[in-house]
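The values are calculated or read from the model by the stated rules, or taken from the named source; none is laboratory data. This one's a predicted model, so the numbers in the text were calculated from it and none came from an experiment. Here Cβ is always computed from backbone atoms with ideal geometry, including for glycine, and neighbour counts include all displayed protein chains.
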Amino acid sequence: MDIDWQLVADSFVPILVGGATGTVPLALGSFAIGLVIALGVALLRLSPLKPLRAIGWFYVSVIRGTPLLVQLFFIFYALPALGWVVPPWPSAILAFSLNVGGYAAEIIRAAILSVPQGQWEAGYTVGYSKAQTLQRVILPQAIRVAVPPLSNTFISLVKDTSLASVVLVTELFRVARQIATFSSEFVIVYLEAALIYWLFCLLLAWAQGRIERRLSRYVVR
């Protein structure tokens, strides 16, 4: 197969820009909102009240039991039939945030449960309330445990943002698809897109390693 190097040169920058201006902000915004949702759902799952635990379980079950693409289509295409029209970008952010919330909630819940029970008692001993103990004693320790799986969730989210192209969000994959359709060079353009996704993920994996090493300084050995 002859490679059109001029096409490679002309298309690489637009695809990269699509990733920098579309994929990255979409992933960062969705992940940040998703973490807030995940913390709330994790606390519901750990609540001593059975109805609250049931609500948390139901949310996680629905999110993990349905495909992300279906969730995205439901928000963008089905909600307008119910009278709620959500534009492309908010639709994508909402869908990805809810999805991250469902998966990350179980990560955060497991991280909180991994903290020894004695840490709760230590917090109560110094006069902290349950909320203060959670905030000042438990969560700082749980974060160290949660970082690796949460980082993996974020890396997966970066790749999942390619689904946003189906709801007309301009991001890395949609730019690549437009160039490929116009040039009819699908192999070359999609390989470029795959390469850029891979580079993004390598950068995130490097950042994950740095964060893990930094957090490991505070571990008592």
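I'd like to check which helices (runs of 4 or more DSSP H) are fully inside segment 95-203 and have at least 2 residues that are within 18 Å of the chain's Cα centre (by Cα), of a type in the set (Gly, Ala, Ser) and more than 30 Å from residue 78 (Cα to Cα). Spell out the reasoning first.
Working: elements: 117-125, 130-133, 139-160, 172-183.
Output list reads 139-160.
Per-residue answers, yes or no, for (1) touching a residue at least 40 places away in the same chain (Cβ under 8 Å); (2) of a type in the set (Gly, Ala, Ser):
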position: 87; (1), (2): no, no
position: 93; (1), (2): yes, no
position: 112; (1), (2): yes, no
position: 118; (1), (2): no, yes
position: 140; (1), (2): no, no
position: 149; (1), (2): yes, no
position: 171; (1), (2): yes, no
position: 177; (1), (2): no, no
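Before we move on, is residue 30 in contact (Cβ under 8 Å) with a residue 60 or more places away in the chain, hydroxyl-bearing (Ser, Thr, Tyr) and assigned to a helix (DSSP H, G or I)? Working first, answer last.
Values: in contact (Cβ under 8 Å) with a residue 60 or more places away in the chain: yes; hydroxyl-bearing (Ser, Thr, Tyr): yes; assigned to a helix (DSSP H, G or I): yes.
Considered against the rule, which asks whether it is in contact (Cβ under 8 Å) with a residue 60 or more places away in the chain, hydroxyl-bearing (Ser, Thr, Tyr) and assigned to a helix (DSSP H, G or I), residue 30 comes out as yes.
Would you be able to say whether some residue in segment 160-167 is at pLDDT below 90 and either out of contact with any helix residue (DSSP H, G or I) (no Cβ under 8 Å at 6 or more places or on another chain) or not hydroxyl-bearing (Ser, Thr, Tyr) (or both)?
Checking segment 160-167: at least one residue is at pLDDT below 90 and either out of contact with any helix residue (DSSP H, G or I) (no Cβ under 8 Å at 6 or more places or on another chain) or not hydroxyl-bearing (Ser, Thr, Tyr) (or both).
What's the total number of residues in segment 45-60 that are among the aromatic types (Phe, Trp, Tyr) and surrounded by 13 or more Cβ atoms within 10 Å (Cβ to Cβ)?
Taking segment 45-60 and keeping what is among the aromatic types (Phe, Trp, Tyr), we get 57-59.
Applying the additional criterion that residues be surrounded by 13 or more Cβ atoms within 10 Å (Cβ to Cβ) yields 57, 59.
Going through segment 45-60 one residue at a time, the tally reaches 2.
Within segment 66-94, count every residue that is within 19 Å of the chain's Cα centre (by Cα) and not in a helix (DSSP H, G or I).
2
Just to be sure, is residue 63 part of a helix (DSSP H, G or I), under 19 Å from the mean Cα position of the chain (by Cα) and surrounded by 12 or more Cβ atoms within 10 Å (Cβ to Cβ)? Please lay out each step first, then the result.
On the way: part of a helix (DSSP H, G or I): yes; under 19 Å from the mean Cα position of the chain (by Cα): yes; surrounded by 12 or more Cβ atoms within 10 Å (Cβ to Cβ): yes.
So residue 63 fits the description; yes.
Could you go through segment 209-217 and let me know if any residue there is surrounded by 13 or more Cβ atoms within 10 Å (Cβ to Cβ), part of a helix (DSSP H, G or I) and without any contact (Cβ under 8 Å) to a residue 60 or more places away in the chain.
Restricting attention to segment 209-217, the residues satisfying the condition of being surrounded by 13 or more Cβ atoms within 10 Å (Cβ to Cβ) are 211-212, 215.
Those still in the list that are part of a helix (DSSP H, G or I) too: 211-212, 215.
Add one more test, that the residue is without any contact (Cβ under 8 Å) to a residue 60 or more places away in the chain, and what stays is none.
No: segment 209-217 contains no residue that is surrounded by 13 or more Cβ atoms within 10 Å (Cβ to Cβ), part of a helix (DSSP H, G or I) and without any contact (Cβ under 8 Å) to a residue 60 or more places away in the chain.
Looking at segment 151-202 only, could you name the residues that are among the aromatic types (Phe, Trp, Tyr) and buried (at least 18 other Cβ atoms within 10 Å of the Cβ)?
Restricting attention to segment 151-202, the residues satisfying the condition of being among the aromatic types (Phe, Trp, Tyr) are 154, 173, 182, 186, 190, 197-198, 200.
Listed by number, the residues that qualify are 154, 173, 197, 200.
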